[in-house]
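Here the structure comes first, spelled out in C-alpha cells, and everything after it is commentary.
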Amino acid sequence: DFRKAMSQAGTSQFQEVIRQELEYSMKVELDKILATAPSNELEHTKKDLEGFKKLFHRFLQEKGPSVDWEKIQKPPEDSVQPYEKIKARGLPDNIASVLNKLVVVKLNGGLGTSMGCKGPKSLIGVRNENTFLDLTVQQIEHLNKSFNTDVPLVLMNSFNTDEDTKKILQKYSLSRVKIYTFNQSRYPRINKETLLPIAKDVSYSGENTECWYPPGHGDIYASFYNSGLLDNLIAEGKEYIFVSNIDNLGATVDLYILNHLMNPPNGKRCEFVMEVTNKTRADVKGGTLTQYENKLRLVEIAQVPKAHVDEFKSVSKFKIFNTNNLWIALSAIKRLQEKNAIDMEIIVNPKTLDGGLNVIQLETAVGAAIKSFENSLGINVPRSRFLPVKTTSDLLLVMSNLYSLNAGSLTMSEKREFPTVPLVKLGSSFTKVQDYLRRFESIPDMLELDHLTVSGDVTFGKNVSLKGTVIIIANHGDRIDIPAGAVLENKIVSGNLRILDH
C-alpha cells in the first residue's frame, strides 16, 4: 500500500510538472501572438487572451466527467414550476413599466455553414423572405408599439458574424427598436497533439481564419460586461435580460414569465430562470436540470460518465431539457463577474480543419452558470417556445402552413388537429438551403402530416399535399418528381418516377 501510495504521489507530482510546463509554453506562445497586435486592438486582444488563459488553466486542472453521478438528484418540486401556474397569475395593469425593465439578447455568433450558407445564420430567409433577424426585430417592434415601451435588442455577435450583421442593421434604422451589438471573445484553436495555439499572430483573415473561434455562448457574461454595455443598460434602469438563440423562432418575450420575475409571489426575486420543456425521443441528448449539492444545475451529456449515458437519455427519468431561453438579472451578472464567481463547465470541442489538422476548442455554455446565481428557477414551458431551425428539415416545418406568421411570431395553425409537429427527415440532397429551395416549387400542405422521410434525388411540384406517413426514396441514379397537385397519404414512393412536361 505504501509503495502504491508513493507511486501515486509520484505520478501526481509528475503530472503537476507537465501541467506547469504546458501552461508556461502556452503563456510564451500567447505573448508572441499579443506582440503582433496593432495598438488599436491591443487592449481588446489582451482581454481575450487573458480569458482564454483562465479557461486553459482550468482545462489542465479538470480531467474526466465533471459530475459525480451519485450526487445527482431530481430537482425539488417547487424548483421547476409549470408554465400554467405562472400564467394563471395573470398580468398587472402596469405591464408596460415591467416591460421597460427588460432587454432582449439574441445569441448571433453562428454561421449558416451547416445549412450550406455563407455569412451569419441570422440572415437566412425563413418565412416570406423574412430572415431570423427580421422576425426578431418585428416581434420587439410590435411589443414596443403595443405597450408604448422601449425594449431594446442586443445582439451578441462573433468575429465571424459582426461585419455582415452591422451592414444589415442599417435597414432597421427607422424601426421602433434600439439595437446594440457587442462581440464575444476570439480564442485561439489548440493543436490537439502539442496543446499549443495554431495561430502565429492576431490576424484572422485569409489563411488565418481557421486559427480562431468564438468560445461558445457561455462567453456572454464576460463579453457583455467587458463591452461596457451591461453597465450602460443598468444605468438606464434595465433589470433583466431575456437570452435565446436567434434561430429559436419560439423564443418570444413572454409577459407572464417576465411578470413572475419582477413581481414574485413570495417577494423574493429570482436571479436566473431557465425555460425547460418536456423531452421527446428527439431531445434525448439535451442538457437537463438536476439538483446537485443543493443547487439547481444544468447537466450536459458530455459531463455524464459513460456508464450512465443511457440512464441520462431516459425520457422517464430525466423528463425535461434546457431550451436555452434564459431570463437573468443584470445586477447579478455584474456582481458575479466582478467577483470572478461565474462557474461553467468546460466543453472540449474537437474539430478537424480542412487540411486534416486535429484541433480542440475550449467552450462554455450560458445555461451552465445557473448554479452560480441565487434563487434560480426552472419553468416548464410549452413545446411551442422551442422551435429551433438547425437543418433544412426544421426549415421546411417553419415555412409550411403548419404555422401562421403574425407580427414576427410563428404560431401553430388552428387547423392542425394535433399540437405536435410532424417528424421530418430530409436526405443529404436537401442539406444546403439553395438545393433545398430548388427541390420545392412550392412548400407542400403539411397540416395532416405525421412523418416525412425523403432520400435521394427528389423534387416536389406545386401544391403537393402530404398526409399521414409519407416515405419517398429515390435509389442511387434514379430521380423522383412528385407531380404538381399530388396528394400523398400514407404512401411509400421508391424507384424512379419522372414526370415529363409535354
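The values are calculated or read from the model by the stated rules, or taken from the named source; none is laboratory data. Since we're looking at a predicted model, the values are computed, not measured. For neighbour counting, all protein chains shown are included, and Cβ atoms are generated from backbone atoms with ideal geometry for every residue, glycine included. Protein only, heavy atoms only, side chains kept; ligands, DNA and RNA dropped before computing areas. Shrake-Rupley method; radii C 1.70, N 1.55, O 1.52, S 1.80 Å.
Points to keep in mind about this one:
- Scanning segment 401-411 for residues that are more than 23 Å from ARG281 (Cα to Cα) and assigned to a loop (DSSP other than H, G, I, E, B), we see that the one that is most open to solvent (accessible area, probe 1.4 Å) is ASN401.
- Residue in segment 118-135 that is more than 21 Å from the chain's Cα centre (by Cα) and farther than 23 Å from TRP212 by Cβ present: yes
- Of the residues making up segment 228-254, those that are more than 21 Å from the chain's Cα centre (by Cα) and open to solvent by 10 Å² or more (accessible area, probe 1.4 Å) are GLY228, LEU229, ASP231, ASN232, ILE234, ALA235, GLU236, GLY237, LYS238, GLU239.
- Qualifying residue in segment 466-485 (condition: at pLDDT 95 or above, surrounded by 17 or more Cβ atoms within 10 Å (Cβ to Cβ) and not in a strand (DSSP E or B)): no
- Segment 59-100 - residue that is in a helix (DSSP H, G or I) and free of Cβ contacts under 8 Å to residues at least 40 places away in the same chain and, of those, farthest from ILE360 (Cα to Cα): SER97
- When the criteria are applied in full, LEU169 fails the requirement of being part of a helix (DSSP H, G or I), open to solvent by less than 10 Å² (accessible area, probe 1.4 Å) and either modelled with pLDDT of 95 or more or among the basic types (Lys, Arg) (or both).
- Whichever residue in segment 438-465 is of a type in the set (Val, Ile, Thr) and open to solvent by less than 50 Å² (accessible area, probe 1.4 Å) and, among such residues, is nearest to GLY427 (Cα to Cα): VAL454
- Look at (1) hydrophobic (A, V, I, L, M, F, W, C); (2) within 25 Å of the chain's Cα centre (by Cα); (3) open to solvent by 10 Å² or more (accessible area, probe 1.4 Å) and you find that LEU196 fails only one, number (2).
- Pair list, Cβ under 8 Å, 6 or more apart: segment 124-138 residue among the small types (Gly, Ala, Ser), other residue open to solvent by 10 Å² or more (accessible area, probe 1.4 Å) and not in a helix (DSSP H, G or I): GLY125/THR131
- Test result for ILE333, buried (at least 19 other Cβ atoms within 10 Å of the Cβ) and out of contact with any helix residue (DSSP H, G or I) (no Cβ under 7 Å at 6 or more places or on another chain): no
- Scan of segment 172-184 for residues that are outside any loop (DSSP other than H, G, I, E, B), under 11 Å from GLU141 (Cβ atoms) and in contact (Cβ under 8 Å) with a residue 40 or more places away in the chain, ordered by number: ILE179
- Here LYS491 clears all of (1) modelled with pLDDT of 95 or more; (2) part of a strand (DSSP E or B) except the condition numbered (1).
- Segment 29-58: number of residues that are surrounded by 14 or more Cβ atoms within 10 Å (Cβ to Cβ) and not in a helix (DSSP H, G or I): 1
- Hey, VAL359 open to solvent by 20 Å² or more (accessible area, probe 1.4 Å), in contact with a Lys or Arg (Cβ under 6 Å, 6 or more places away or on another chain) and β-branched (Val, Ile, Thr) or not: no
- Of all residues assigned to segment 199-210, at least one qualifies as being at pLDDT below 95, in contact with a strand residue (DSSP E or B) (Cβ under 8 Å, 6 or more places away or on another chain) and open to solvent by less than 40 Å² (accessible area, probe 1.4 Å).
- TYR83 meets each of the listed conditions (1) modelled with pLDDT of 95 or more; (2) of a type in the set (Ser, Thr, Tyr); (3) open to solvent by 30 Å² or more (accessible area, probe 1.4 Å) apart from (3).
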